[in-house]
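**Student:** Sharing a structure here in structure tokens format.
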Amino acid sequence: MKFTAFTTATLLAVLGVGTPVSVLAQPSPTGSYVPGYWQPEAQVSLNRPITVRILNQTGIPLEYGLSGVDVYTLGSNASVDVGVNLSNRPGNTATIAINAQRGTYALRYEYNVTDNNVLQVRVIPGGGPQPLDRAVYIDETGRVYSF
């Protein structure tokens, strides 16, 4: 009896370690929408220039910046356009951090892509059970995520 329990436990442990796990921040392999934070929230075209328009509707000043570039201030109820250069080469991604200037302030992003390939990011006060957003991430296929 003890040997059977030990064998079963060992087998389950080995299978648990050896079983591949899919990465969470990936689209569904079938292309269908599955609810969750790992799903892309928008799609831009890499064949045309990409502009990210940040609309600050929080009522407070924000800081924003493309990774590897300086940080700038965006006033309350103001907007700014950020140019993004991407190609479909693996690993060619863009991250734009958007945060409150002082302290911790919950933010949420809402996305819209225009016909001109402008990714509008409406920044609003966060709250409730939804996760807080800190950055806009565009991958090498043009998928847009919030992290």
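**Student:** Using the Karplus equation 6.51 cos²θ - 1.76 cosθ + 1.60 (θ = phi - 60°), what ³J(HN,Hα) coupling, rounded to whole Hz, does each residue of the range 59-68 give in order, writing x for Gly and Pro?
**Tutor:** x, 9, x, 10, 10, 9, x, 6, 4, x
**Student:** Between Thr141 and residues 5 or more places away or on another chain, which pairs have amide H atoms under 5 Å apart, with H built 1.01 Å from N, and which residues are they?
**Tutor:** Those lying under 5 Å, H to H, from Thr141: there are none.
**Student:** Between Arg53 and Thr93, what is the spin-label point distance in nm, taking each point 7 Å from the Cα along the Cα→C-beta axis?
**Tutor:** Distance between the two pseudo-spin positions: 2.7 nm.
**Student:** How much net charge surrounds Ser146 when only other residues with a Cβ under 9 Å from its Cβ are counted (Lys, Arg +1; Asp, Glu -1)? It would help to have the intermediate numbers written out before the result.
**Tutor:** Values: positive: Arg108, Arg134; negative: Glu41, Asp133.
Result for the neighbourhood of Ser146: 0.
**Student:** On to the next question. At 0.36 nm per residue, and after removing the present C-alpha to C-alpha distance, how many nm does the segment from Trp38 to Asp81 gain when stretched out fully?
**Tutor:** Value of the extension gain: 12.9 nm.
FYI, it's all coordinate maths here, none of it is from the lab. Quantities reported herein were computed from a predicted structural model and do not represent experimental measurements. Note that we place each Cβ from the backbone using ideal geometry, even for glycine, and neighbour counts take in every protein chain shown.
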